[in-house]
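Below is one structure, written out as structure tokens, with a few remarks after it.
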Amino acid sequence: MKEGKFITLAFETSCDETSVALIADGREILTNVISSQIDVHKVFGGVVPEIASRHHLENINTVYKSAMDEAGVMLEDVDLIGVTCGPGLVGALLIGIATAKAVAYAKGKPLVGVHHISGHISANYIEHKDLEPPFISLVVSGGHTHLVHVKGYNDYEVLGRTRDDAAGEAFDKVARVLGLGYPGGPRIDEAAKSGNPHSMEFKRVMLEKDSLDFSFSGLKTGVLNYINTQKLKGREVDVNDLAAAFQLSVVEVLIAKALIAASVTGEKKLVLAGGVAANSLLRKLLTEACEKEGISLYYPSHLLCTDNAAMIGCAAYYKYRDGLADDMTLDAYPALAL
Ligand code: KG4
Ligand code: ZN
């Protein structure tokens, strides 16, 4: 490691990934160790909160040690501790927070709690070294679907959000109905590549005129109704076609609303974030749409789209730089607002 760099040690345990990262000067990854529990939860078709907490507790020390060893960093070299403090599963969040607090207390290091969504957005600062606010961010994950006007590193205005299911949740639920397994997003993405998206049509729910909110729960019902109707008629359901049609309807709504958000705010930069940002159709169609509109599009590499501690370290760095530190009273906030 080079001399004189500002080192952030970060923890992320809000859902089913136990991750510890070391970040230099906010944007340079020294290490980003991610231990995924997907295999543990997939037999249940989704994340089981109690099991997630237990696995975080079992894994956190090993993941922490691997991160420190891999980066060749001593705790004495660390300048800041960052940790996801919400939103997320309360028992899962608490494991990361307790560990971060213990390290911060033992070594007298400053501590910063990070909002998980601000972490997802910050993944783009790591990926794109020249990216700076202001911009519009479309945050699409298993737990969130938000359109955010990022006016500064710590200045967010939520322009719209989902009123029911998150985009990733819709992918996961529809994949389960189609028997594709968990997590559903990547499976639907893959199946859709061999399907015809126009073989059937699902409603694009745009809500009220000018609304930047989303609603995806009706789409899941639409898919279920379609499957039941086909069964009643004694017809086979083509899983690939259905996956493709479903995916296109989600992606078209996301893109339409993101472009409206850019247009009403006058922003010319659009930043994609969260697990669903890995979706190949979303990336492709959004790239085309942004080119047409003269908007610069940014998205993270696949690894930085899903939950990881590097993005939390980056967000913690910018909070600390703006004088936003926490103390030992930091707690887990499962429904924390952005
Ligand atoms: O950001 P993330 O790791 O966790 C949350 O904060 O929720 O996102 C996980 C979500 C899951 O719902 C997963 O199905 C979805 O991201 N996802 C995808 C793809 N890869 C992951 N959704 C659509 N297409 C993908 N390629
Ligand atoms: Zn996430």
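The values are calculated or read from the model by the stated rules, or taken from the named source; none is laboratory data. Computed from a predicted model, the values in this text were never measured in an experiment. Cβ: placed from backbone, ideal geometry, glycine included. Neighbour counts: every protein chain shown. These area figures cover heavy atoms from the full protein model, side chains too; ligands, DNA and RNA do not enter into them. Shrake-Rupley method; radii C 1.70, N 1.55, O 1.52, S 1.80 Å.
Once the range 211-338 is represented by equal point scatterers at the alpha-carbon sites, with solvent omitted, what log10 I(q)/I(0) does the Debye formula produce at q = 0.09, 0.12, 0.17, 0.18 Å⁻¹? So the normalised log intensities work out to -0.42, -0.69, -1.09, -1.14. Simple rule: put +1 on each Lys or Arg Cβ and -1 on each Asp or Glu Cβ in the chain, find the dipole, and look at ILE121, LEU138, VAL174; the Cα lying farthest toward the positive end is VAL174.
Remark: spin-label model distance LEU232-ASP79 equals 6.5 nm, labels positioned 7 Å along the Cα→Cβ axis. Computed from phi, the 3J(HN,Hα) profile of the range 188-194 under the Karplus parametrisation 6.51, -1.76, 1.60 (θ = phi - 60°) reads 5, 3, 5, 4, 5, 5, 9 Hz, with x in place of Gly and Pro. Roughly what percent of Cα-Cα pairs across the range 234-305 reach past 21 Å? Cα-Cα pairs in the range 234-305 separated by more than 21 Å: 32 percent.
Looking at the chain, the accessible area is 42 square angstrom per residue; that uses a 1.4 Å probe and ignores ligands, DNA and RNA. Using equal-weight Cα scatterers in the Debye expression, the normalised intensity of the range 55-99 in log10 at q = 0.18, 0.24, 0.25 Å⁻¹ is -0.62, -0.94, -0.98.
Per residue, the convex hull around the alpha carbon atoms of the range 96-224 comes to 168 Å³. How much of the accessible area of the chain, in percent, comes from carbon and sulfur atoms when a 1.4 Å probe is used? Result for the chain: 52 percent of the exposed heavy-atom area is carbon or sulfur.
Distance between the pseudo-spin-label points of LYS42 and LEU285 (7 Å out from Cα toward the beta carbon): 2.7 nm.
Taken over the C-alpha atoms, the range 63-157 has Rg and Dmax values of 15.2, 39 angstrom.
The value obtained for the range 134-299, namely the Cα convex hull volume divided by the number of residues, is 103 Å³ per residue. The tail of the calculated P(r) for the chain beyond 25 Å holds 51 percent of all Cα-Cα pairs. A quarter of the convex hull surface defined by the alpha-carbon atoms of the range 1-149 gives 9.2 nm² as the mean projection. Among the listed pairs LYS65/LYS101; LYS109/LYS319; LYS151/LYS268; LYS173/LYS257, those whose Cα-Cα separation exceeds 20 Å are LYS173/LYS257. 3J(HN,Hα) couplings calculated from phi for the range 34-40 with the Karplus curve 6.51 cos²θ - 1.76 cosθ + 1.60 (θ = phi - 60°) are, in sequence order, 10, 10, 8, 9, 3, 4, 5 Hz; Gly and Pro show x.
Three principal axis extents describe the C-alpha atoms of the range 1-61; from largest down they are 47, 17, 14 Å.
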